[in-house]
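> Structure below; questions to follow.
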Amino acid sequence: SFLTQFPGSMGLGATGNMDLIYKVGRAAGTELRSIGFNLYMGPVLDVVSSMANQLIGIRSFGFTAEDVTKCAEAFARGLKSSGMTICAKHFPGSDHHMLIMF
């Protein structure tokens, strides 16, 4: 058994095709449900503000808040239509895990 290798969010966002993004979200959710998952930690709502931002990279849908919002909404609707629960991320700011002190 295997799972489909879907394009990253940046690639999907570059298409500008909200119907395609919805269908990829639905397909991803359907596959995840088939192997027992019911929670998707995403989509990533971060906006790429610089090409040097390697923390987010291709996990972002784009370079403007408007584009990211439209794409993430389409992807989330697709996931939800397959029965997945969604937890969009990240909270504002760059949280470098090495800097957290306990």
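> Which one is farthest from residue 82 (Cα to Cα), of the residues in region 42-52 that are aliphatic (A, V, I, L, M) and surrounded by fewer than 17 Cβ atoms within 10 Å (Cβ to Cβ)? Reasoning before the result, please.
Going residue by residue through region 42-52, those that are aliphatic (A, V, I, L, M) are 44-45, 47-48, 51-52.
From what's left, surrounded by fewer than 17 Cβ atoms within 10 Å (Cβ to Cβ): 51-52.
Numbers: 51: 33, 52: 35 Å.
So the residue we want is 52.
> Going through 31, 66 one at a time, which residue ends up being more than 22 Å from residue 87 (Cβ to Cβ), of a type in the set (D, E, K, R) and out of contact with any His (no Cβ under 7 Å at 6 or more places or on another chain)?
Every option except 66 fails the conditions.
> Six or more apart or on different chains, Cβ under 8 Å: which pairs go from a residue in region 57-71 that's part of a helix (DSSP H, G or I) to one that's polar (S, T, N, Q)? Could you list them?
Final answer for the pair search is 58/9; 59/9; 68/60; 71/9.
> Quick check, is residue 25 of a type in the set (Gly, Ala, Ser) and surrounded by fewer than 20 Cβ atoms within 10 Å (Cβ to Cβ)?
Details: of a type in the set (Gly, Ala, Ser): yes; surrounded by fewer than 20 Cβ atoms within 10 Å (Cβ to Cβ): no.
Spelling it out, it is not the case that residue 25 is of a type in the set (Gly, Ala, Ser) and surrounded by fewer than 20 Cβ atoms within 10 Å (Cβ to Cβ).
> I've got another one for you. Looking at 32, 3, 12, 39 in this structure, which one is surrounded by fewer than 15 Cβ atoms within 10 Å (Cβ to Cβ), at pLDDT 95 or above and aliphatic (A, V, I, L, M)?
39
> Follow-up. Would you please name the residue that is modelled with the lowest pLDDT, looking only at residues in region 53-89 that are loosely packed, with under 15 Cβ neighbours inside 10 Å and touching a strand residue (DSSP E or B) at 6+ places or on another chain (Cβ under 9 Å)?
In this case the residue turns out to be 89.
> List the residue pairs whose Cβ atoms are under 8 Å apart, where the first residue sits in region 1-30 and is over 21 Å from residue 65 (Cβ atoms) and of a type in the set (Lys, Arg), the second is at pLDDT 95 or above and surrounded by fewer than 20 Cβ atoms within 10 Å (Cβ to Cβ), and the two are 6 or more positions apart or on different chains.
26/81; 26/82
The values are calculated or read from the model by the stated rules, or taken from the named source; none is laboratory data. Small disclaimer: the values here were computed from a predicted structure and weren't measured. Methodologically, a virtual Cβ is constructed for each residue, glycine included, from the backbone with ideal geometry; neighbour enumeration extends over all protein chains shown.
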